[in-house]
Amino acid sequence: MNEIARRDRNELDRTRDILSGLDVSIFVLDMGGHPVMANEKAQALAGRDVRAEDWIASAPFHALADRRPLTQAERPLPRLLAGEEDIFAGWVD
């Protein structure tokens with residue numbers, strides 16, 4: 001492993017350690033908006049049978065007010081990528 005790859009790996013490990021210590025679910029996206037990492041709380045939310053990074057893109061989210069399924073545009077991930085900050089949604093588990 002070259003020096004740049006080693007530094008990148010160390011930085012990734014340090015980021016995972018920091019995120020794992022937080023008491024909230026965190027999903028990390030790459031520059032293209034694709035989920036690439038999640039902390040332990042996010043994995044607990046997703047369950048053991050699916051990667052948290054996959055769950056956030058496919059979970060059956062619903063509107064809190066009336067529990068209707070969200071359209072693709074209303075789902076949390078597209079809204080985050082569009083720059084929204086306060087997003088509230090439920091999911092069916």
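Computed from the coordinates by the stated procedures, all read-outs in this text should not be read as laboratory data. Just so it is clear, the model here is predicted, and its values are computed rather than measured. With ideal geometry, Cβ positions are generated from the backbone for all residues, glycine too; neighbour counts draw on all protein chains shown.
See the values below:
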{"quantity": "Expected 222 nm ellipticity per residue - DSSP helices of 4 or more, -39500 (n - 2.57), all of the chain, to 500", "calculated": "-12000 deg cm²/dmol"}
{"quantity": "Where labels lie 7 Å past Cα in the beta-carbon direction, separation of Glu3 and Met31 in nm", "calculated": "2.3 nm"}
{"quantity": "Modelled FRET efficiency - R0 30 Å, Arg16 with Asp49, Cβ distances, 0.05 increments", "calculated": "0.90"}
{"quantity": "Simple spin-label estimate for Asp66 and Leu81 in nanometres, 7 Å along Cα-Cβ", "calculated": "2.7 nm"}
{"quantity": "Rounded to the nearest 20 debye, dipole of the stretch 31-79 from Cβ charges on Lys, Arg, Asp, Glu", "calculated": "120 debye"}
{"quantity": "Correct choice for Rg and Dmax of the Cα atoms in Å that was computed from the model, options (i) 12.4, 42; (ii) 15.2, 54; (iii) 16.5, 59", "calculated": "(ii)"}
